[in-house]
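Okay, so here's the structure we're looking at.
The values are calculated or read from the model by the stated rules, or taken from the named source; none is laboratory data. Every value quoted in this text rests on a predicted model; they were computed, and no experiment measured them. We place every Cβ from the backbone using ideal geometry, glycine too, and count neighbours over all the protein chains shown. The protein model used for the area step is the full one, side chains on, heavy atoms only, and it has no ligands, DNA or RNA in it. Shrake-Rupley method; radii C 1.70, N 1.55, O 1.52, S 1.80 Å.
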Amino acid sequence: MRFAFLAAENLSIFDPVSPSAESIRSLTYFVLAVTAVIFLLVEGILLYSVYRFRHGPPKGGSEPPQVYGSKPIEIAWTSAPGLVVFVLILVITRTLWEVKVDTSKAPKDSRPLRVTVIGHQWWWEYVYESYDGKKLDFITANELHVPASNDQHRPVFLTLQSADVCHSFWVPRLAGKMDLIPGRTNTLGFETSQTGLFLGQCAEFCGTQHAKMLLRVYVDTPEVFERWLKDQEKPAVDDPKVAKGKKAFFSRSCINCHRVRFPGSTADGTYAPDLTHLMSRQTLASGMIPNTRENLRAWIDDPQKIKPGCLMPAFGLSPTELDLIVDYLWTLE
Ligand code: CUA
């Protein structure tokens, strides 16, 4: 097994690992506390009244005193909720301020990573733009790798765009939600010193497979991350042992949508995930299934069986051709 697929199924906003996610948790606790007090107060008075004024033997046969308008009471029950709402607005505004990261300028002595995230139905495209001021030039999909701020600040600055409909980038333990909107560019920044895999989920309904547009963010130590960068920047492996498979892949319409990057490659599509280093990813179909040989074969055979409605059709490949293409893709480390 290449990795434990369900190892870190923690999407709790109550377990933050970044300052902005911590701010969101504090706000959540505060709002929960305020609303809990109001709830207990209102329900308490209600239950007390139900009990206190329950039906019983008539007491003197008279109605309780009737109150028609009382200035002090009306002022009290208008201003008290007004005050509560005002305090909530202040606290929420402060949190919005804390969570908002200015991605246009990096703090001094920091080594920012800049990635453009493009939402697609139903997968994530990651265009690595720059790291520590140095330009990067590769694209990957569905699994985002970022460095941890162990030794010095290594903020992650994301530029969010969409290729089709509205999506929303949400990795609860790392940051708040931010939408990816067609024709608009949003930004999101976060920073964490905690390494590990952090899961997320597209948080804006974007079509039938919205629930299967999963996010995986790997926070690596700077050394591991920099090694990963170097590997990703390399062109695709060209293993002569799978020359037949390569030929099968390049003679099919796979190359109209997918990219396999090496000098002179004709596979330069951008509609679908970049496959240059497909085997460096642990999952397929945007985090749906582990990236095993059997799953890869089943996926190419008929993606619609695994992810109905996804934009990749079944090409009706013969078993031999299917095996050849899987052989080739399997070498793209
Ligand atoms: Cu993308 Cu929901």
Calculate one ³J(HN,Hα) per residue across segment 222-233 by plugging θ = phi - 60° into the Karplus curve 6.51 cos²θ - 1.76 cosθ + 1.60, and present them in order as whole Hz with x for glycine and proline. x, 5, 4, 4, 5, 5, 4, 4, 4, 5, 5, 6
Measuring from centroid to centroid over Cα atoms, what is the spacing of segment 65-97 and segment 243-287 in Å? 60
Whole-Hz Karplus ³J(HN,Hα) for segment 159-164, in order, using 6.51 cos²θ - 1.76 cosθ + 1.60 and θ = phi - 60°, x for Gly and Pro? 9, 10, 9, 10, 8, 9
Looking at the square roots a ≥ b ≥ c of the eigenvalues of the Cα gyration tensor of segment 196-310, which shape do they give, rounded for a/c under 1.5, prolate if a/b is larger than b/c, or oblate? oblate
Evaluate the distance, in nm, between pseudo-label points positioned 7 Å from the Cα of Ala243 and of Phe205 along their respective Cα→Cβ axes. 5.4
Relative contact order of the chain, please, whole-number percent, based on alpha carbon pairs below 8 angstrom and at least 6 residues apart. 16
Multiplying the sequence separation of Phe86 and Phe30 by 0.36 nm and subtracting their Cα-Cα distance, what value in nm do you get? 18.8 nm
Keeping all protein chains in place, calculate the accessible area per residue for segment 1-140 (probe 1.4 angstrom), answer in Å². 73
Check: C-alpha center segment 195-209 vs C-alpha center segment 162-178, spacing in Å is 7
In nm², the average projected area of the convex hull spanned by the Cα atoms of segment 111-150 is 2.9
If the label point sits 7 Å along Cα→Cβ of Thr270, residues of segment 123-149 with amide N under 16 Å come out as 124-130, 136-141
Considering amide H positions built from the backbone, and no H for Pro or chain starts, which residues 5 or more places from Leu136, or on another chain, come under 5 Å of its amide H? Ser130, Tyr131
Out of residues 5 or more away from Ser265 or on other chains, whose amide H comes under 5 Å of its own, with H placed 1.01 Å from N in the peptide plane? none
With charges only on Cβ, +1 for K and R and -1 for D and E, what is the dipole size of segment 163-317 about its Cα centre, in debye, rounded to 20? 480
The local net charge around Ser12, scoring Lys/Arg +1 and Asp/Glu -1 for residues other than Ser12 whose Cβ lies under 11 Å from its Cβ, equals 0
Using a Gaussian network for the chain with springs between C-alpha atoms less than 10 Å apart, which of these wobbles most: Thr195, Thr93, Thr185? Thr93
Return the single residue from Gly176, Gly44, Gly245 with maximal mean-square fluctuation; model: Gaussian network over the chain, springs between Cα atoms under 10 Å. Gly44
So, with a 1.4 angstrom probe, what is the percent of accessible area on the chain that is carbon and sulfur? 62
With the chain treated as a Gaussian network of Cα nodes joined by springs under 10 Å, which of Ser49, Ser18, Ser130 yields the largest mean-square fluctuation? Ser49
Under 5 Å, built H, 5+ apart or other chain: amide partners of Leu180: His167, Ser168, Phe169
Once you sort the root eigenvalues of the Cα gyration tensor of the chain as a ≥ b ≥ c, which label holds: rounded (a/c under 1.5), prolate (a/b larger than b/c) or oblate (the other case)? prolate
Subtracting the Cα-Cα distance from 0.36 nm times the residue separation, let me have the gained length for Ile73 to Asn295 in nm, one decimal. 73.2 nm
Would you please give the FRET efficiency between Glu22 and Gln66, computed as 1/(1 + (r/R0)^6) with r the Cβ-Cβ distance and R0 = 35 Å, to the nearest 0.05? 0.10
Which of Val242, Trp228, Thr270 sits closest to the plus end of the dipole of segment 211-327, meaning its Cα is farthest towards the positive end, when Lys and Arg get +1 and Asp and Glu get -1 on the C-beta? Thr270
Between Thr320 and Lys100, what is the FRET efficiency for a Förster distance of 56 Å, r being their Cβ-Cβ separation, to the nearest 0.05? 0.55
If you take the square roots of the eigenvalues of the alpha-carbon gyration tensor of segment 81-156 and sort them as a ≥ b ≥ c, do you get rounded (a/c under 1.5), prolate (a/b over b/c) or oblate? oblate
Sparse-neighbourhood loop sites, trypsin sites (Lys or Arg not before Pro) in segment 76-118 - DSSP loop, at most 12 other Cβ within 10 angstrom: Lys105, Lys108
Report ³J(HN,Hα) in whole Hz for each residue of segment 64-74, in order, from the Karplus equation J = 6.51 cos²θ - 1.76 cosθ + 1.60 where θ = phi - 60°; Gly and Pro get x. x, x, 8, 10, 10, x, 8, 4, x, 5, 5
Using 1/(1 + (r/R0)^6) with R0 = 22 angstrom and r between the beta carbons of Thr116 and Phe14, what's the FRET efficiency to the nearest 0.05? 0.15
Quick one: go through segment 206-248 and flag any residue whose amide nitrogen is under 14 Å from the point 7 Å out along the Cα-to-Cβ line of Gln152. 222-223
Once you charge only the Cβ atoms, +1 for Lys and Arg and -1 for Asp and Glu, what is the size of the charge dipole of the chain about its Cα centre, to the nearest 20 debye? 400
